[in-house]
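Asks: Here you go, one structure.
The values are calculated or read from the model by the stated rules, or taken from the named source; none is laboratory data. Values in this document were obtained by computation on a predicted structure and should not be read as measured data. Positions of Cβ are backbone-derived with ideal geometry, glycine not excepted, and every protein chain shown enters the neighbour counts.
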Amino acid sequence: MKRSLTALALVVAAAAGGLTWYLLDKQPQRDGELVLAALQAPVTVDYDERGVPHIRAENEADMYRALGFVHAQDRLFQMELLRRLARGELAEVLGEKLVPTDRLFRTLEIARHADAYAARLDAGSPSTQALQHYLEGVNQYQASRPRPLEFDLLGIEPRPFSMADTLSVAGYMAYSFAAALRTEPVMTHIRDELGADYLELFDLDWHPQGVLGTSLAASDWQDLSALAQLSNSALEGTGLPQFEGSNAWAVSGSRTASGKPLLAGDPHIRFSLPAVWYEAHLQAPGYEMYGYHHALIPSAMLGHNRDFAWSLTMFQNDDLDLIAERVNPDNANQVWYQGNWVDLEQRTETIRVKDAEPVQITLRRSPHGPIINDALGQTNGSTPIAMWWAFLETDNPMLDAFYKLNRADALDKARAAVEKIEAPGLNVVWASASGDIGWWAAAKLPLRPEGVNPTFILDGASGEADKLGYHPFSANPQEENPERGYILSANYQPVPASGIQIPGYYNLPDRGQRLNQRLSDASVKWDIHNSQALQLDPGTGYGPRLLAPILDELRGAAANDQERALVEQLAQWSGDHALDSVAATLFNQLTYQLAHEAMADELGEVFFDSLLQTRVLDTALPRLTANADSPWWNRQGSEQRESRAQIVAEAWHASLTHLRSVLGDDVEAWNWGRGHTLTHEHPLGQQQPLAWLLNAGPFAAPGGHETPNNLSHKVGPAPWPVVYGPSTRRLVDLADADKALGGIPVGQSGVPFDAHYADQAAAHVAGEYQPQHLSETDVKANSQGTLRLLPH
């Protein structure tokens, strides 16, 4: 027995030792020397206390090669998964459950567009050369170092990364911005199936005619609702970042304590593990940048040095139209276009599927764009829905734009760089140590025919879907050095000086109004410290605005003293979503319940769930509570007309019942931090035991939907997992850029069990800032290891 136990202990120890050796072999090397082919001279990489690489090279080509190498060392699996998602190749490694996602991305034509674009790139341009050198570093890491753990788990065979892969990932970024696939089907359904009285709630112009002169068939509506669901689930279920919103502002020196401009930025992106951004400090003769890099893109998309700094927000212009085509009754492969029947283009592609037979798909294209309902495979309806998307239709030299923005040390250079960003639409907020501040809404804005509202599915046979050209960049919303002394961008609808109308899926104005209220206070001199308080503000005026019209009805619905006390908490609530707030919990449950009780019966559960994914719901709900005569209050099929008071009472009682079932009977314990939590999910962390091993969290999260500290959740019943929020919170005072603050939500490394895998997670959700070391003295003082990359 003793000998058997000893033998078993030895086997267990050997297995544990083998596993430890295996995992250690996968860890990044941040000290010592490695040979990197194609280097012209040695490169030094100092890693600081957060694992941020500080790269010093003797030329820019070596600088980008080193960036590619160290970026891949920390994030190779993220790079692999993003290119597979964008190119519709996930099922090859994740199995047949990902076939619908692959079919969707093949239908979007991202890979097809990227391949054609890559073939046209000017090989001699500086931005193309930077990408080529960066990919050399990525590919050398992949070819010479141990494969990531996830590659072994999924059986991924490495293959080199190409320029087309980078351009495909840029296409995924553009698609993740697009709200049209989630919004246009449900808005058109309300217009054509419910009518003007119901559509009025969404503050949209009403066009009473149906898409094709008559309403779409029931089977077509089934396809459209399925398409909206597929679009959302394809982004939700991959554990990969999706761009959502953002705050950014620049304050001129006349309004700061230091006398120099100050830049603040916190782009709001779906949380993922690893995080979307990779911090890196790059130096070569004549160039220095502390930047935030996206997987497979060499130029920083956010960054600063001692001369200038910039941040991004989403423009949220509508750059994607859905178009219902009229089919030739004598030829199902023809549609009516500009007075003639024209053939649909067709192509066949093969999706490789892990542990299953390949799937062949047939994809079609009309003159307006790809037929998007082909993404469903076997459709129920007979109406082809085409997708016109600016990303596929414009030149869009985005890589060149960001390469130049990384070097834009003057206002005119920044403006010229931003003009090259055509899709997706981005707001660029920029500031310089010389005193200038600027904002440009970057996008190629299409000229649509007069009276066309692209919030709805358009009629492909009528000409309303045709584009008449594009507005010039000078007509876009923009400001330079305004007299008020600050610029703010927070995803609300902009008002351009040119007077043009810009359709879009904009966020509520409340977040921007709250930030503007504080920035407009001329008595305040802004610095790094009070700017932190502004970025971390957990409040919103939206809640009190939504509740005010129905407070008396809530009082009438309260059944006892305890419920009346809860109503009074709501009545006195300022809108703050602090961790200990009970009112925030009540409000968010009630918001969902009001929407469900008022709208789900008209829409059906599928379209109602689609509505919950849109921004138009945020606009609609305060209008709903303010209008006691809205038809939404009446139950479909009811023999009597329900009143607002009846529906509010039902929503109140349903809210309390649900909160008791989830959070218990002690209402004093219904604090926001119990129901509102953040878990960073690895793409493989969907189930145990990998969830326990690979995910980070849960963490109690302050803030909420459309607060400045926008740790946001889906409108729905408690509990509320945080979906997206600040992907970094940056503060750069250009009087002393060496003291800039930042950080990311999880950690620099995407390598499981690495020390920097999730070392920033608790600090980030708690609102702590990290120093961004720029000076040579600070870099050396905080260096935890030095990696020397040597020529072959």
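Asks: From the list Arg555, Arg615, exactly one residue is buried (at least 16 other Cβ atoms within 10 Å of the Cβ) and basic (Lys, Arg). Which is it?
Replies: Only one candidate passes the filter, namely Arg615.
Asks: Which of the residues that make up the stretch 97-138 are within 23 Å of Lys354 (Cα to Cα) and among the polar types (S, T, N, Q)? It would help to see each step written out before you state the result.
Replies: Narrowing the stretch 97-138 to residues within 23 Å of Lys354 (Cα to Cα): 97-112.
Result: Thr101, Thr107.
Residue-wise test of (1) part of a loop (DSSP other than H, G, I, E, B); (2) at pLDDT 95 or above; (3) in contact with an Asp or Glu (Cβ under 9 Å, 6 or more places away or on another chain); (4) over 24 Å from Ser246 (Cα atoms).
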site	(1), (2), (3), (4)
Tyr724	no, no, yes, no
Val746	yes, yes, yes, no
Tyr757	yes, yes, no, yes
His764	no, yes, no, no
Thr777	no, yes, yes, yes
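Asks: Name the residue, out of Arg514, Arg518, that is of a type outside the set (A, V, I, L, M) and without any contact (Cβ under 8 Å) to a residue 24 or more places away in the chain.
Replies: Arg518
Asks: Another one. At least 3 residues that are of a type in the set (Ser, Thr, Tyr) and within 30 Å of Glu422 (Cβ to Cβ) in each: list the helices (runs of 4 or more DSSP H) lying fully within the stretch 140-191 that qualify.
Replies: By residue number, 163-177.
Asks: Also, I was wondering about something else. List the helices (runs of 4 or more DSSP H) that sit entirely inside the stretch 641-722 and contain at least 3 residues that are small (Gly, Ala, Ser).
Replies: Once the helices (runs of 4 or more DSSP H) in the stretch 641-722 are filtered for at least 3 residues that are small (Gly, Ala, Ser), what remains is 644-663.
Asks: Additional query: Looking at Ala143, Ala170, Ala123, which is the one that is small (Gly, Ala, Ser) and either in contact with a helix residue (DSSP H, G or I) (Cβ under 6 Å, 6 or more places away or on another chain) or buried (at least 18 other Cβ atoms within 10 Å of the Cβ) (or both)? Steps first, please.
Replies: Values: Ala143 fails: either in contact with a helix residue (DSSP H, G or I) (Cβ under 6 Å, 6 or more places away or on another chain) or buried (at least 18 other Cβ atoms within 10 Å of the Cβ) (or both); Ala123 fails: either in contact with a helix residue (DSSP H, G or I) (Cβ under 6 Å, 6 or more places away or on another chain) or buried (at least 18 other Cβ atoms within 10 Å of the Cβ) (or both).
Residue meeting the stated conditions: Ala170.
Asks: Checking Gly339 against (1) closer than 22 Å to Ala116 by Cβ; (2) surrounded by fewer than 19 Cβ atoms within 10 Å (Cβ to Cβ), which single condition isn't satisfied?
Replies: (1)
Asks: Taking Ala441 and the conditions (1) assigned to a loop (DSSP other than H, G, I, E, B); (2) under 24 Å from Asp318 (Cβ atoms), which numbered condition does it fall short on, given that it satisfies the others?
Replies: Unmet for Ala441, out of (1) assigned to a loop (DSSP other than H, G, I, E, B); (2) under 24 Å from Asp318 (Cβ atoms): (1).
Asks: Every residue in the stretch 634-686 that is among the aliphatic types (A, V, I, L, M) and either closer than 21 Å to Asp580 by Cα or surrounded by fewer than 20 Cβ atoms within 10 Å (Cβ to Cβ) (or both), please.
Replies: Ala645, Ala649, Ala654, Leu656, Leu659, Val662, Leu663, Val667, Ala669, Leu678
Asks: Looking at Val751, Val765, which one is under 22 Å from the mean Cα position of the chain (by Cα), farther than 30 Å from Val606 by Cα and surrounded by 22 or more Cβ atoms within 10 Å (Cβ to Cβ)?
Replies: Val765
Asks: Pick from Asp74, Asp62: which is of a type in the set (Asp, Glu) and touching a Ser or Thr at 6+ places or on another chain (Cβ under 6 Å)?
Replies: Values: Asp62 fails: touching a Ser or Thr at 6+ places or on another chain (Cβ under 6 Å).
Sole residue among the options that is of a type in the set (Asp, Glu) and touching a Ser or Thr at 6+ places or on another chain (Cβ under 6 Å): Asp74.
Asks: On the given criteria, is Ser299 polar (S, T, N, Q), modelled with pLDDT of 95 or more and under 21 Å from the mean Cα position of the chain (by Cα)?
Replies: On the way: polar (S, T, N, Q): yes; modelled with pLDDT of 95 or more: yes; under 21 Å from the mean Cα position of the chain (by Cα): yes.
It is true that Ser299 is polar (S, T, N, Q), modelled with pLDDT of 95 or more and under 21 Å from the mean Cα position of the chain (by Cα).
Asks: Further question on the same structure: Residue check: is Thr786 within 20 Å of Ile55 (Cα to Cα), in contact with a helix residue (DSSP H, G or I) (Cβ under 9 Å, 6 or more places away or on another chain) and surrounded by fewer than 22 Cβ atoms within 10 Å (Cβ to Cβ)?
Replies: No; evaluated as a whole, the condition is false for this residue.
Asks: Now for a different question. Can you pull out the helices (runs of 4 or more DSSP H) entirely within the stretch 63-120 that have at least 3 residues that are of a type outside the set (A, V, I, L, M, F, W, C)? I'd like the intermediate steps shown before the answer.
Replies: Details: elements: 91-94, 99-107, 110-120.
Here the list reads 99-107, 110-120.
Asks: Do you know which residues across the stretch 450-494 are hydrophobic (A, V, I, L, M, F, W, C) and either outside any loop (DSSP other than H, G, I, E, B) or in contact (Cβ under 8 Å) with a residue 40 or more places away in the chain (or both)?
Replies: Result: Phe456, Ile457, Leu458, Ala461, Ala465, Phe473, Ala475, Ile487, Leu488, Ala490.
Asks: Among (1) closer than 30 Å to Glu92 by Cβ; (2) modelled with pLDDT of 95 or more; (3) surrounded by 24 or more Cβ atoms within 10 Å (Cβ to Cβ); (4) in contact with a strand residue (DSSP E or B) (Cβ under 8 Å, 6 or more places away or on another chain), where does Leu282 come up short?
Replies: (1)
Asks: Of all residues in the stretch 54-83, which are of a type outside the set (A, V, I, L, M, F, W, C) and buried (at least 23 other Cβ atoms within 10 Å of the Cβ)?
Replies: Of the residues in the stretch 54-83, the ones of a type outside the set (A, V, I, L, M, F, W, C) are 54, 56, 58-60, 62, 64-65, 68, 71, 73-75, 78, 80, 83.
Result: His54, Asp62, Tyr64, Arg65, Gly68, His71, Gln73, Asp74, Arg75, Gln78, Glu80, Arg83.
Asks: Additional query: Taking only the stretch 493-535 into account, find how many residues are of a type in the set (A, V, I, L, M), within 22 Å of Pro482 (Cα to Cα) and surrounded by fewer than 18 Cβ atoms within 10 Å (Cβ to Cβ).
Replies: Residues in the stretch 493-535 being of a type in the set (A, V, I, L, M), within 22 Å of Pro482 (Cα to Cα) and surrounded by fewer than 18 Cβ atoms within 10 Å (Cβ to Cβ): 5 in total.
Asks: Considering only residues that are among the small types (Gly, Ala, Ser), assigned to a loop (DSSP other than H, G, I, E, B) and more than 13 Å from Tyr198 (Cβ to Cβ), which ones fall in the stretch 620-639?
Replies: Ala628, Gly637, Ser638
Asks: Out of Leu570, Leu586, Leu624, report the one residue that is within 17 Å of Phe202 (Cβ to Cβ) and either surrounded by fewer than 21 Cβ atoms within 10 Å (Cβ to Cβ) or touching a helix residue (DSSP H, G or I) at 6+ places or on another chain (Cβ under 9 Å) (or both). Give the steps one after another, and end with the answer.
Replies: Details: Leu570 fails: within 17 Å of Phe202 (Cβ to Cβ); Leu586 fails: within 17 Å of Phe202 (Cβ to Cβ).
Going through Leu570, Leu586, Leu624 in turn, the sole match is Leu624.
Asks: Exactly one condition in (1) modelled with pLDDT under 95; (2) more than 25 Å from Met314 (Cβ to Cβ); (3) surrounded by 18 or more Cβ atoms within 10 Å (Cβ to Cβ) is false for Met163; which is it?
Replies: (1)
Asks: State whether the residues of the stretch 437-444 include one that is more than 23 Å from the chain's Cα centre (by Cα), modelled with pLDDT of 95 or more and crowded, with 18+ Cβ neighbours inside 10 Å.
Replies: yes
Asks: Please work out which one of (1) surrounded by fewer than 24 Cβ atoms within 10 Å (Cβ to Cβ); (2) in contact (Cβ under 8 Å) with a residue 60 or more places away in the chain; (3) under 22 Å from the mean Cα position of the chain (by Cα); (4) outside any helix (DSSP H, G or I) is the condition Thr379 fails and give its number.
Replies: Every condition holds for Thr379 apart from (3).
Asks: Then there is this: Test Leu611 against the criterion of being at pLDDT 95 or above and touching a helix residue (DSSP H, G or I) at 6+ places or on another chain (Cβ under 8 Å), and give yes or no.
Replies: For Leu611, the condition - at pLDDT 95 or above and touching a helix residue (DSSP H, G or I) at 6+ places or on another chain (Cβ under 8 Å) - is not met.
Asks: So which residues in the stretch 605-619 are in contact (Cβ under 8 Å) with a residue 40 or more places away in the chain and part of a helix (DSSP H, G or I)?
Replies: Scanning the stretch 605-619 gives Val606, Phe607, Asp609, Ser610, Leu611, Leu612, Val616, Leu617, Asp618, Thr619.
Asks: Which of the residues belonging to the stretch 354-376 are in contact (Cβ under 8 Å) with a residue 24 or more places away in the chain and either acidic (Asp, Glu) or assigned to a loop (DSSP other than H, G, I, E, B) (or both)?
Replies: Lys354, Asp355, Ala356, Pro367, His368, Asp374
Asks: Oh, and also: Condition first: of a type in the set (A, V, I, L, M, F, W, C) and within 16 Å of Glu150 (Cα to Cα). Now tell me which residues in the stretch 85-109 satisfy that.
Replies: Leu85, Leu90, Ala91, Val93, Leu94
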